[in-house]
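Right, one structure below, let's go through it.
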Amino acid sequence: EAAVTQSPRNKVTVTGGNVTLSCRQTNSHNYMYWYRQDTGHGLRLIHYSYGAGNLQIGDVPDGYKATRTTQEDFFLLLELASPSQTSLYFCASRETGGSYEQYFGPGTRLTVL
Amino acid sequence: GDSVTQTEGLVTLTEGLPVMLNCTYQSTYSPFLFWYVQHLNEAPKLLLKSFTDNKRPEHQGFHATLHKSSSSFHLQKSSAQLSDSALYYCALSDEASSSFSKLVFGQGTSLSVVP
């Protein structure tokens, strides 16, 4: 089964702080995704990528940057964190074609005070 | 644009009763539909997908049928178990659009099965 890991698992920061969330997948998947999960809104796509150096804008990108440094690693950057970005963040990966199944990491809970 | 609607935010059922979670969608082209399940403090995982060689997709007793005429992909199970308590997401991927590589998720339905 696909392995997707995220770090840190929990993070607390203050308004205006700088935060980087990390995601690594070890299954040679081309596609990687960043979601946020909030009650009443479900899973919402922030950014995604289909390979190293590629970045696609998702549905809720404001306040977030992302970078895909290698096929394995995808980072989400919050440069001026706000309380509205308090959420549970999931990373996911998918192979090109095939079953189109996305494999999710365990999530990072971010609190912005 | 594409969208997925799950009308029930919370469904509470007695163990042994049938389960039906609603999912309707809007899509310009011919979509693939998915159900993901997320147990408490876990990551979402794929439960079912709509394109399984014209067979009705089934997994862990759950099944769903894609009805293009009504734009629906409801999730069903004949008898609920306590272990089915979880958050269920319906999701859509549009094969003909430029954003085929992403999923659009519904708001999610929380299923609570009680003794």
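Overview of results
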| read-out | value |
| --- | --- |
| Tally, over the range B:92-115, of residues that are within 16 Å of B:Cys23 (Cα to Cα), surrounded by fewer than 20 Cβ atoms within 10 Å (Cβ to Cβ) and modelled with pLDDT under 95 | 1 |
| Qualifying residue in the range B:65-79 (condition: modelled with pLDDT under 90 and within 10 Å of another protein chain (Cβ to nearest Cβ)) | no |
| Subset of the range A:33-53 [of a type in the set (Lys, Arg) and at the interface with chain B (Cβ under 7 Å from one of its Cβ atoms)] | none |
| A:Asp73 being surrounded by fewer than 21 Cβ atoms within 10 Å (Cβ to Cβ) and within 11 Å of another protein chain (Cβ to nearest Cβ) | no |
| Candidate set: the range A:54-87, residues that are in contact with a strand residue (DSSP E or B) (Cβ under 7 Å, 6 or more places away or on another chain) and of a type in the set (A, V, I, L, M); chosen: the one farthest from B:Leu103 (Cα to Cα) | A:Ala81 |
| Top-ranked residue in the range B:2-45 [being small (Gly, Ala, Ser) and within 14 Å of chain A (Cβ to nearest Cβ); ranked as surrounded by the most Cβ atoms within 10 Å (Cβ to Cβ)] | B:Ala43 |
| Candidates A:Glu72, A:Glu1 - the one that is at pLDDT 95 or above and acidic (Asp, Glu) | A:Glu72 |
| Tally of residues being in contact with a strand residue (DSSP E or B) (Cβ under 6 Å, 6 or more places away or on another chain) and modelled with pLDDT under 95 across the range B:7-24 | 1 |
| Residue in the range A:77-84 that is part of a strand (DSSP E or B), in contact (Cβ under 8 Å) with a residue 40 or more places away in the chain and within 14 Å of chain B (Cβ to nearest Cβ) present | no |
| Number of positions in the range A:57-70 that are surrounded by fewer than 18 Cβ atoms within 10 Å (Cβ to Cβ) and within 14 Å of chain B (Cβ to nearest Cβ) | 4 |
| Odd one out for B:Leu82, checked against (1) aliphatic (A, V, I, L, M); (2) closer than 14 Å to B:Gly108 by Cα; (3) at pLDDT 95 or above | (2) |
| Top-ranked residue of the range A:41-56 - restricted to ones that are in a strand (DSSP E or B) and small (Gly, Ala, Ser), ranked as modelled with the lowest pLDDT | A:Gly42 |
| Leading residue by the ranking (surrounded by the fewest Cβ atoms within 10 Å (Cβ to Cβ)) among those in the range A:86-113 that are more than 14 Å from every other protein chain (Cβ to nearest Cβ) and over 17 Å from A:Tyr33 (Cβ atoms) | A:Leu113 |
| Test: residue in the range B:46-61 that is buried (at least 19 other Cβ atoms within 10 Å of the Cβ), touching a Leu at 6+ places or on another chain (Cβ under 6 Å) and within 12 Å of chain A (Cβ to nearest Cβ) | yes |
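The values are calculated or read from the model by the stated rules, or taken from the named source; none is laboratory data. Because the structure is a prediction, the values reported are computed rather than measured. All Cβ positions, glycine included, derive from the backbone under ideal geometry; neighbour counts span all protein chains shown.
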